[in-house]
Structure formats: structure tokens, C-alpha cells
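Presented below is the structure to which this report refers.
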Amino acid sequence: MLELLKKGNKSSGIAALGNAGLAVAKGIAAAISGSGAMFATTIHSIADATNQGFVFFGSALAEKEPTEKFPAGFGRVVNLFVLVAVVVISIMAYETIIKGWHFIQNPSEATHLWLNIGILTLSIMVDGYILWKAMKEIAEESRTEASGFSVIPEAFRHLQYASPPTRLVFYEDIVATSGAFLALISILLAHFTGFLLLDGIGTMLIGILLIGIALKIGYDNTIGLIGVAAPAKIENRIAELILDEPQVVDISEMKVIQVGRQYHVDSYIELTEGLSLEKADDIKIKVQNKILKDPDIDDVTLGILESDDKKSWEERKPSN
């Protein structure tokens, strides 16, 4: 089990620990000060810590080798864990909105201003660090060469190539960082303007942000669980591996399906004329093995055809 945990998604593991610590600190501050916005961001941190803990264990279990009973492996398990996380986020969002509405109907001034400011500033720093780590992991998983602040735009551009756990951490910590900032602004404005409704409004806005992120994560992981066409970048990468073999002259057709984190390749390739059946079969096996060396590829099914002297394969253009 320990070996499997070592293979778990790093971003979700770090995020779970960081948010657990933040949840404790925020909870104490919320109880002492009575701030609705602080309560909302406490609930958010509890939700994040729970989700990311679930997803970390799910990502570790997904690395388990196929067994006789489960020959297809456990790759889709991580999507199921992420969907459980979505349910948790939705419940927490509902509770946050209800709490915010209560504070709007019964506004009251929060106490211990500087305690709230200190905890929320710490939250922005910790969640910001976790978000930065998730961005770096997106760059790593998408095989993008980025360093320094260029990691930020590259993370947004290549988010679709990241694993489900990394995407979840990325989405959640964007909301966590912006939610903590929103709570800080709400508390400051409510204190210095005397407009106490702002505390409740800020609380409700954080709940709405949680609903938005639950819908987005739920959609992404549902289609990942069902199976979706691979992005153009992945398909082109596989095509390049196939066409790199000298005796392969064309790709008649190719389907690359993403299920969970892994890709499944089904293709017909055209070989040069005059090859014996034995030689053609050797080439097919060689190409299959070459593709399977890619850690993101789960299985490859290739059919072989003799060249028809017509070019069929064209590089796909990325949609974004």
C-alpha cells in the first residue's frame, strides 16, 4: 500500500495537507470572530481538504496493476473519486449559501478584525503556493517546457492535458485563493463602512463560486469516465511515432480515446508495397511497442494495409 501511495498525485496530496491546516486555523478564527465570510472560507477549506484527500487516494489506487479479476486495470477509479469530491463540494456550497443568507437577514459585526486579516492572508499565501505547484504539475504532465511566470499562461493553455486530480486541485485552489481574497475584502469593507450586509454577501458569493467549480469538475470527469476523443496534440504525437517508422507510408484511419487519465489507440496503418506477411507483422509489433512506451498510452490496436498511393492522414489542428 505504501508503494501505491508514493505513486499518488503530488498536487492533491500537498493540497490536502495544506487545506487541512488552513481549515483548523480558519475554524478557530470563525468561532472567535463570528464572521460569516470567515465561516464560508472555513467550509471551503474543509471541502478542499476532504476532496483532495479522496482524490489523492484515488490517484494512488489508479496506479494499481491489472489483476485477473480486473484485467482492464484501475485507471478510471480516480474519476470516481473526483466525482465523490464533486458531491462534497456541492453540499458545502449549499451550506455556505444558506449561512450567507442567514447573515444577510441577521447582519452583525465581526470581532477580532486583525485575527481574521492574519488568517486570510495566510490562506491566500498557502492556497497560492498550492495553486503554483498545481500549475507546475500541469506543465510537467502536458510535457510543456515552461519556467518562471510563463508557467501561469501555459497552465491555462494546457489544462486539458493534465490528469483529473491535478485539474481538480487547480480549479479548487483558484476558487480557494479568490475566495479567501473575497472574504478579506468583505470583512474589511464591512468593518470600515459599517455596511454589515457585505459579510453575508461575500459568504454567498463564495458559495456560488463553489457551485461553479463543482459543475465544471463534474462535467470534465463525467466525460473522462465515459471516454472522449483525445486532444489534437496527443493524436498528432501518436501519429508522429507511427510515421517515424520507415516502412509506414500513411495512416488510413486513427481513433484515440481518452478514458480516465489514459489513452486508447485504434488505427489502420499503410505499409510499403511488396512486404511479406511476416515482415509486415514484425513492423506492426514494432510500432505498437514504440507507442506503448509512452506512459500515457494504455493500449494500442493496429491493423495493417498495403499502400493505396493516396494520402489519408492530415495533422489535426488544436481547437484552442
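The values are calculated or read from the model by the stated rules, or taken from the named source; none is laboratory data. No experiment lies behind these values; they were computed from the predicted model shown. Note that each Cβ is placed from the backbone with ideal geometry, even for glycine, and that neighbours are counted across all protein chains shown. These area figures cover heavy atoms from the full protein model, side chains too; ligands, DNA and RNA do not enter into them. Shrake-Rupley method; radii C 1.70, N 1.55, O 1.52, S 1.80 Å.
Numbers at a glance
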| quantity | calculated |
| --- | --- |
| Single condition Gly100 does not satisfy, out of (1) farther than 19 Å from Phe170 by Cβ; (2) touching a helix residue (DSSP H, G or I) at 6+ places or on another chain (Cβ under 7 Å); (3) open to solvent by 40 Å² or more (accessible area, probe 1.4 Å) | (3) |
| Search result, residues across the range 290-317 that are open to solvent by 80 Å² or more (accessible area, probe 1.4 Å) and either among the aromatic types (Phe, Trp, Tyr) or more than 23 Å from Arg76 (Cα to Cα) (or both) | Glu306, Asp309, Lys310, Lys311, Glu314, Glu315, Arg316, Lys317 |
| Residue pairs meeting the criteria (Cβ under 9 Å; at least 6 apart or on separate chains; first within 23 Å of Glu63 (Cβ to Cβ) and touching a residue at least 60 places away in the same chain (Cβ under 8 Å), in the range 280-305; second small (Gly, Ala, Ser) and not in a strand (DSSP E or B)) | Asp298/Ala72; Asp298/Gly73; Asp298/Gly75; Asp298/Gly260 |
| Meets criteria (assigned to a helix (DSSP H, G or I), without any contact (Cβ under 8 Å) to a residue 40 or more places away in the chain and within 15 Å of the chain's Cα centre (by Cα)) for Val55 | no |
| Residue list for the range 58-75, filter: touching a residue at least 40 places away in the same chain (Cβ under 8 Å) and charged (D, E, K, R) | Glu63, Lys64 |
| Residues located in the range 188-208, provided they are over 13 Å from Trp101 (Cα atoms), in a helix (DSSP H, G or I) and either without any contact (Cβ under 8 Å) to a residue 60 or more places away in the chain or open to solvent by less than 20 Å² (accessible area, probe 1.4 Å) (or both) | Leu189, Ala190, Phe192, Thr193 |
| Lone qualifier among Glu145, Glu140 - being in a helix (DSSP H, G or I) and either farther than 20 Å from Ile28 by Cα or at pLDDT below 85 (or both) | Glu140 |
| Residue, farthest from Val84 (Cα to Cα), within the range 247-277, restricted to residues that are in contact with a Ser or Thr (Cβ under 8 Å, 6 or more places away or on another chain) and assigned to a loop (DSSP other than H, G, I, E, B) | Glu273 |
| Residue count, the range 150-178 (criterion: more than 19 Å from the chain's Cα centre (by Cα) and open to solvent by less than 10 Å² (accessible area, probe 1.4 Å)) | 0 |
| Thr67, sole failed condition from (1) buried (at least 24 other Cβ atoms within 10 Å of the Cβ); (2) under 20 Å from Pro295 (Cα atoms) | (1) |
| Subset of the range 229-238 that is open to solvent by less than 50 Å² (accessible area, probe 1.4 Å) and not in a helix (DSSP H, G or I) - its residue that is nearest to Gly58 (Cα to Cα) | Ala230 |
| Meets criteria (surrounded by 16 or more Cβ atoms within 10 Å (Cβ to Cβ) and closer than 30 Å to Pro164 by Cα) for Gln258 | yes |
